[in-house]
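Colleague: This is the structure I have questions about; it appears just below.
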Amino acid sequence: MNGARALISTLVGAGVDVCFANPGTSEMHFVAALDDVPAMRGVLCLFEGVATGAADGYGRVAGKPAATLLHLGPGLGNGLANLHNARRARTPIVNVVGDHATYHSRYDAPLESDIAAIAGAVSGWYRSSARPEDVAADGADAAAAAMGPPGCVATLVLPADVSWSEASSGPVPPHPRRRPSTVPAETVDEVAKALRSGERAALLLGGSALRVRGLHAAGRVSEAAEATLLAETFPAAMERGLGIPAPQRLAYLAEMAQAQLEGVRHLVLVDAKSPVSFFAYPDKASDLVPPGCTVHVLARPGEDVPVALEMLAEAVGATARATRLPEGPRPEAPTGALDAQSLAQAIGATLPEAAVVVDEGNTSGLFVAAATQDAPRHDWLTLTGGAIGMGPPLATGAAVAAAGRRVLCLQADGSAMYTFQALWTQAREGLDVTTVVLSNHSYAILNMELRRVGADAGGPRARRLLDLTDPELDFCDLARGMGVPARRVENAEDLVAALVESYATDGPALIEVPL
Ligand SMILES: Cc1ncc(C[n+]2csc(CCOP(=O)(O)OP(=O)(O)O)c2C)c(N)n1
Ligand SMILES: [Mg+2]
């Protein structure tokens, strides 16, 4: 058995059985070995940013890693932005980067580059496999490191000769799962004391606190202690909908986030970072913690977050169940003109049970979250690292992980164009993804930021860099060209009908919404 086969068998043994790949010559033995280990599903992606974003979407939904297969430094570099988002989401990924044969590196052939430097920006774990007899153990180590907790991008560099040479040892068994560590009782007591002080308090939930078990416990705490329930601005995967406590997400705009936090004297972080402004602006604060507010950390990434929240609920004398829960009704189907409001209402009126929503709707998608709070239970995945071009890849990976559930990709037009070729993979793999393109023909948010950073209003030469007309993009033609059926809607009734039809039809679909 060669190194590639030993590695793939080891990964499958560790539960890593999907590989989002864009291979090259140095990866040919890995590719060939897929026929020897059919339990590993290879999924071809037509750009590395699609492969890495798909691995992120898969990991966020499945709660276990997919593998990638990337081609040396340039392939890894192409995939970097979505690995950055994955790092911020703490998504488990086994990031396999093929490399030249070990003895070939010193010749400085054209594709030679500093893979470690590129990987360093995003990897929580990194190793270059040096010998074929080690590669299986390296794979098991990578899978375990990726899982954490907390999850991370574990980059395993696979030199071509390690891949093609005989691996004497064969596959190795997976490491036992590491358990999250328990939050000390003293930490819980200290937070409980702050919550009982009578001063205004808020819980800021992130990461695993936004799964249903944590949310129920947090809801109980918030009701017992009269503490505001907030969620981080860009959650990796939040469960929401009917019957699930609904924290208010901290706003993207610093001044709105400051308004949400105003008067809070105790801010309790639960698997979340202390709030900061997304960008710096001249004469505005970077740190959004209000003056006089004490920040408490209940639980950190890698700790048992739901249990910490349950201990806290106990400590503040919470009742057995949260009662302030979304209970409907969901919005009525809208009629008339298409705008950000009717778009949100259409989605709120139709979202199917157990959907996975990938939200890269940016400015035009602003009202959708509120309009879906009373929809049936669903998952909500967001742009954790702010690196746009996440939507179509994330939706692709999420759909591979969530077979049988509908994925709704809310997709702003500018961001769509970074990684739109993910639609080809959706068509080829028959994935149940509905992509709704929000066509405002603009980098709208940058038109707003232009003013907010204090640059002047922008003349025609500046505006030309933020405008997506001349020529206008035709997303329906683009989608059809990749095998995805598409239609442009002209009013809210059309949009509702198109959504309902796509949810009832197997495979991908695209709906273009002019705004
Ligand atoms: C990788 C990356 N490149 C560039 C940017 C800068 N950027 C932020 S928003 C944006 C345009 C977004 O336009 P669109 O997706 O159409 O959303 P809209 O603002 O129109 O709602 C750009 C280019 C970024 N955030 N990430
Ligand atoms: Mg736009």
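Colleague: Search segment 434-458 for residues being out of contact with any Gly (no Cβ under 6 Å at 6 or more places or on another chain), under 14 Å from E512 (Cα atoms) and part of a strand (DSSP E or B), and hand back the single one that is farthest from ligand 1 (Cβ to nearest atom).
Modeller: T434
Colleague: Does A504 satisfy being under 22 Å from A395 (Cα atoms), more than 16 Å from ligand 2 (Cβ to nearest atom), free of Cβ contacts under 8 Å to residues at least 40 places away in the same chain and touching a strand residue (DSSP E or B) at 6+ places or on another chain (Cβ under 6 Å)?
Modeller: no
Colleague: Continuing with the same structure: Which pairs have Cβ atoms under 6 Å, sit 6 or more apart or on different chains, and link a residue in segment 315-338 that is within 19 Å of G214 (Cα to Cα) to one that is of a type in the set (V, I, T) and surrounded by 12 or more Cβ atoms within 10 Å (Cβ to Cβ)?
Modeller: A315/V188; V316/V221; A318/V221
Colleague: Here's a follow-up. Sort out which residues of segment 232-257 are touching a helix residue (DSSP H, G or I) at 6+ places or on another chain (Cβ under 6 Å) and not β-branched (V, I, T), and write them in order of number.
Modeller: Within segment 232-257, P235, A236, A237, M238, E239, P245, L250, A251 qualify.
Colleague: What residue, among those in segment 359-379 that are within 16 Å of ligand 2 (Cβ to nearest atom) and assigned to a strand (DSSP E or B), is farthest from Q411 (Cα to Cα)?
Modeller: In this case the residue turns out to be D359.
Colleague: Could you tell me which residue of segment 13-24 is farthest from L72 (Cα to Cα), considering only residues that are touching a residue at least 60 places away in the same chain (Cβ under 8 Å) and open to solvent by 40 Å² or more (accessible area, probe 1.4 Å)?
Modeller: G13
Colleague: Test P331 against the criterion of being farther than 22 Å from L423 by Cβ and away from ligand 2 (no atom under 16 Å from the Cβ), and give yes or no.
Modeller: Considered against the rule, which asks whether it is farther than 22 Å from L423 by Cβ and away from ligand 2 (no atom under 16 Å from the Cβ), P331 comes out as yes.
Colleague: Further, regarding this structure: Please work out which residue is modelled with the lowest pLDDT, limiting yourself to segment 454-477 and to residues that are within 16 Å of ligand 2 (Cβ to nearest atom) and of a type in the set (K, R).
Modeller: In this case the residue turns out to be R463.
Colleague: Related question: All but one of (1) assigned to a loop (DSSP other than H, G, I, E, B); (2) open to solvent by less than 30 Å² (accessible area, probe 1.4 Å) hold for L298; state the number of the condition that does not hold.
Modeller: Just one mismatch for L298, condition (1).
Colleague: If only one of R179, R200, R196 is under 26 Å from the mean Cα position of the chain (by Cα), more than 30 Å from A33 (Cβ to Cβ) and basic (K, R), which one is it?
Modeller: The conditions single out R179.
Colleague: Which one is nearest to ligand 1 (Cβ to nearest atom) among residues in segment 401-411 that are open to solvent by less than 10 Å² (accessible area, probe 1.4 Å) and of a type in the set (A, V, I, L, M, F, W, C)?
Modeller: Across segment 401-411, the extreme among qualifying residues is L410.
Colleague: Still on this structure, I have one more. Would segment 95-105 turn up any residue that is touching a strand residue (DSSP E or B) at 6+ places or on another chain (Cβ under 9 Å), crowded, with 17+ Cβ neighbours inside 10 Å and among the hydrophobic types (A, V, I, L, M, F, W, C)?
Modeller: Yes: one or more hits.
Colleague: Would segment 441-453 turn up any residue that is without any contact (Cβ under 8 Å) to a residue 60 or more places away in the chain, under 26 Å from A280 (Cβ atoms) and away from ligand 2 (no atom under 13 Å from the Cβ)?
Modeller: Yes: segment 441-453 contains one or more residues that are without any contact (Cβ under 8 Å) to a residue 60 or more places away in the chain, under 26 Å from A280 (Cβ atoms) and away from ligand 2 (no atom under 13 Å from the Cβ).
Colleague: Looking only at segment 415-433, which residues are more than 15 Å from ligand 2 (Cβ to nearest atom), open to solvent by less than 40 Å² (accessible area, probe 1.4 Å) and part of a helix (DSSP H, G or I)?
Modeller: Hits for segment 415-433 are A422, L423, T425, Q426, A427.
Colleague: Let me ask something else. Just wondering, is there one or more residues in segment 260-278 that are under 22 Å from the mean Cα position of the chain (by Cα), open to solvent by 40 Å² or more (accessible area, probe 1.4 Å) and basic (K, R)?
Modeller: yes
Colleague: All but one of (1) within 11 Å of ligand 1 (Cβ to nearest atom); (2) within 19 Å of M390 (Cβ to Cβ) hold for A422; which doesn't?
Modeller: (1)
The values are calculated or read from the model by the stated rules, or taken from the named source; none is laboratory data. Note that the structure is predicted; figures quoted are calculated from it, not measured. Positions of Cβ are backbone-derived with ideal geometry, glycine not excepted, and every protein chain shown enters the neighbour counts. Remember, those area values only see protein heavy atoms, side chains included, never the ligands or the DNA or RNA. Shrake-Rupley method; radii C 1.70, N 1.55, O 1.52, S 1.80 Å.
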